[in-house]
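The structure appears below as structure tokens.
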Amino acid sequence: MYIASFRRDARTDLGEKMDGERITLRMESEDVQEMDDFLRSHPEISNRSQLIRVALRNYMERDAPMERGNTLTICLGERFMGTLTKLSNGGMAGSEEDLARGIIERFLMPQDIFQEAAKQAFQSYDAFAEIAKR
């Protein structure tokens, strides 16, 4: 078993000085090895302390849906996530999240309402383009 001590007065994610408490964390050596392997492949995370802070924040945010409002977290298989990434990178949306949101909205929205909204948006674009030509 590995025992690590972390001080909260290390640099924060934003490079600011932190004041706070020192904690001791006990981890199995296999878990520490996985964490170190992760850090080697993610140079944007500078050290174990930063990784633990970020992971803890993400974990708490994920498990606090009432504080986040209308939020849904889903886990996708590699094929679906890869598809969203390729479509997003290809310009179909600003991000995988935006693309997934659009797909869900379109799937759940009645087709006639979607078509009417698209028609109105298209027509308002034509009107705007005519005004812009003047």
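The values are calculated or read from the model by the stated rules, or taken from the named source; none is laboratory data. A quick note: this is a predicted structure, and the numbers were derived from the prediction, not measured. Note that each Cβ is placed from the backbone with ideal geometry, even for glycine, and that neighbours are counted across all protein chains shown.
Structure notes:
Residues are listed down the side, and each one gets a yes or a no for (1) of a type in the set (Val, Ile, Thr); (2) at pLDDT 85 or above:
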position	(1), (2)
ILE45	yes, yes
GLN50	no, yes
ARG62	no, no
ILE74	yes, no
GLU78	no, yes
ILE103	yes, yes
ARG134	no, no
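- Taking helices (runs of 4 or more DSSP H) as the structural unit, those lying wholly within the range 37-123 and holding at least 3 residues that are among the aliphatic types (A, V, I, L, M) and farther than 30 Å from ARG26 by Cβ correspond to 78-89, 96-108.
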